[in-house]
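Asks: Attaching a single structure in structure tokens format; questions to follow.
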Amino acid sequence: MKQKTALDILKTGRNVFLTGAAGTGKTYLLNQYIKWLRENNIPLAITASTGIAATHLGGQTIHSWSGIGIKDYLSEWDLDAMSQKQALVKRVNSPKVLIIDEISMLKAGTLDMINELLKFLRQSEEPFGGMQVILSGDFFQLPPVLRSTELEGMDTESVFAFSSSAWQEAGFKTLYLKEQYRQQDELIDILNAIRERELDSALFQKLKDRVGARPTGAPPVRLHTHNANVDLANESELQKISGELFESPMILKGNKARAENMARNVLAPEQLRLKVGARVMFVKNDPAQKYVNGSLGDVIDFSFGAPVVRLDSGEIIETEKAEWSIENENGKVLASVEQYPLRLAWAITVHKSQGMSMDAASMDLSKSFVPGQGYVALSRVRKLSGLFIEGLNDIATQVSDLVFEQDQSFQAESEQIEKIFENYSENKRREMQDEFIKENAVRNEREEKLASHLESLQLLNSFNSLQDIAKKRELKATTIIGHFEKAQEEGLSFDISELKEIKRIKINKIFDSFERLGFEKLSPVYEDLKSTINYDELRLARILYKFGKEN
């Protein structure tokens, strides 16, 4: 399916699963849809299964947005407690559209939880509480991460989001993008062959030819499948730098067990070790939006004991410590950890690279341990010449049996939907999109004020009394005066000289005071007239006076 067709279908308000091979522009298309929604004043929530993926769209994790955090299930007590959190209830009730990116890494049970929670908090039995839901991702890429306790006696492939009850209930329509935008040469053929299980000896040889290749310029980012290899590589590079070592231990507060568990799970290291020249990655979003989770840069200095980082964008950041915390249902902090939001980044895991697009990358795929890992790593690079492979095993070019079969179904479904949609006339498509806008657009505050003050202005033609206009609009007279003032600020021409309220005040005396004392501030005029006139009458007189000055 072409991007334009997919975008037109999204605009009709259907629940959609947007997919396609790496590099087919899924994120670009989502950004186009987000822009369209905002242009039409349709409120939305932008989320993703991981923090780094969320930064690509300027959103947050679905776990954070929904308030489910690290929960594996929602009890009746949980639902009741969450319904008492006014900020959460407001947050999930405001959007008309929910986007969840990188859906391949979201567990089926989590998607079911989100569906259940939104129904409860939005007080609707419709799927996901009646929102349009857009799921985006590619199931050939990384699967959900399972804890050891979850692996016991579980069919791991059944955890994919498409196996959830919520997926079936919401009736997601698959839009399968086909056009390639990232890979620019024969690497496309290799990646497509891996997806279709048609990697022949000739294509595999082209991949093997990149084993042992060496870059001629600056060393590329190294991708590894295991955290241990990443740690070894980063420590090795750090040792090559001469200079003073900077160390910062993580600070744990509150409940000891909770804090220790959090320390093991946040991306910041428990013992941060840096030197000037170290390659680093930020691991938390900055409230001031100077950097995001995933921003890369180099340490260039230490100022008063804090790392100074030059981002790849050129911006220089004086890093401050960040806090990660666990709160109870009343917002009380139970435990927290504090650390500079940085980690060494000469090497990163394949897991953290998902969603990135690189000119070059070095990778060791000899220890690939799950289908799809190799595909994710290989598809990060734009050209075959940018691949520098240190090792390659058979699993690196394998994909999941279930995912392969499901993908064939997704492709067939997408083709069917495309044929149906192409039979619609342009007028029919526009009608569906206009209906979606009509049902979901929310006029912003600026537009509401604009419409309101113009409506008051129009009533000047029908009424010669401020009180009558106020009564007609069911507003206070002082509010109507404010509408007139706003219209005057916008340069609109109108006449209030025939209003009864204007005719009964001593207009010449007020004008004389304006001439002597000015008209921008009314309190000196009010004092000058010794309280013989009220502020609303002064405001009306000022509107008339300003028109006289301008004309």
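Derivation of every value follows stated rules applied to the coordinates shown; laboratory data play no part. Note that the coordinates shown come from a computational prediction; the quantities given were computed from them, not determined experimentally. Ideal geometry is used to build each Cβ from the backbone, glycine not excepted, and the neighbour counts take in all protein chains shown.
Asks: Tell me, what ³J(HN,Hα) does each residue in the stretch 243-255 have, in order and in whole Hz, if you take phi through Karplus 6.51 cos²θ - 1.76 cosθ + 1.60 with θ = phi - 60° and put x for Gly and Pro?
Replies: Once rounded to whole Hz, the list reads x, 6, 8, 9, 10, 9, x, 5, 9, 9, 10, x, 4.
Asks: Which of rounded, prolate or oblate describes the stretch 278-419 when judged by the alpha-carbon gyration tensor and an a/c cut-off of 1.5?
Replies: Prolate shape, in that a/c is at least 1.5 and a/b is the bigger ratio.
Asks: A further question follows. Tell me, what HN-Hα J-couplings in whole Hz come from the Karplus equation 6.51 cos²θ - 1.76 cosθ + 1.60 at θ = phi - 60° for each residue of the stretch 166-177, using x for Gly and Pro?
Replies: 3J(HN,Hα) across the stretch 166-177, in whole Hz: 4, 4, 5, 5, 7, x, 4, 8, 7, 10, 9, 6.
Asks: Still on this model: Just one of [x] 165; [y] 237; [z] 141 is volume of the Cα convex hull per residue in Å³ calculated from these coordinates, so which is it?
Replies: [y]
Asks: In debye, nearest 20, what is the charge dipole magnitude of the chain about its Cα centre with +1 on Lys and Arg Cβ and -1 on Asp and Glu Cβ, if you could check?
Replies: 1500 debye
Asks: Could you give me the ³J(HN,Hα) list for the stretch 226-233, computed from phi with Karplus coefficients 6.51, -1.76, 1.60 and θ = phi - 60°, whole Hz, x at Gly and Pro?
Replies: Along the stretch 226-233, the couplings run 10, 4, 4, 5, 5, 4, 5, 5 Hz.
Asks: Next question, about the same structure. Treating only the Cβ of Lys, Arg, Asp and Glu as charged (+1, +1, -1, -1), what charge dipole size does the stretch 454-551 show about its Cα centre? Round to the nearest 20 debye.
Replies: Computed about the Cα centre, the dipole is about 300 debye.
Asks: List every residue whose amide H lies under 5 Å from the amide H of residue 334, counting only residues 5 or more places away in sequence or on a different chain, with H placed 1.01 Å from N in the peptide plane.
Replies: 326, 327, 328
Asks: Evaluate E = 1/(1 + (r/R0)^6) for residue 385 and residue 276, where r is the Cβ-Cβ distance and R0 equals 41 Å; express this FRET efficiency to the nearest 0.05.
Replies: 0.80
Asks: Order 463-475, 133-145, 382-394 from most to least packed using the mean count of other Cβ atoms within 10 Å.
Replies: Order by mean packing, descending: 133-145, 382-394, 463-475.
Asks: Tell me which residues come under 5 Å, amide H to amide H, from residue 174 once H is placed; ignore anything under 5 positions away on its chain.
Replies: Amide H to amide H, under 5 Å and 5 or more residues apart or across chains, residue 174 pairs with 17.
Asks: Using only DSSP helix segments of four residues or longer, with each worth -39500 (n - 2.57), what per-residue ellipticity at 222 nm results for the chain after dividing by its residue count and rounding to 500?
Replies: It comes out at -12500 deg cm²/dmol, rounded to the nearest 500.
Asks: Let me make sure I get this right: for the stretch 405-495, a, b and c are the square roots of the gyration tensor eigenvalues over alpha carbons, sorted descending. Under 1.5 in a/c it's rounded, otherwise prolate if a/b > b/c, else oblate. Which is it?
Replies: Prolate shape, in that a/c is at least 1.5 and a/b is the bigger ratio.
Asks: Here's something else I'd like to know. What is the set of long-range amide H partners of residue 138 at a cut-off below 5 Å, with H atoms built 1.01 Å from backbone N?
Replies: Under 5 Å from the amide H of residue 138: 103, 104.
Asks: Sort the following peptides by mean Cβ neighbour count (other Cβ atoms within 10 Å, averaged over residues), highest first: 250-256, 510-516, 237-243.
Replies: Ranked from most to least packed, the peptides come out as 510-516, 250-256, 237-243.
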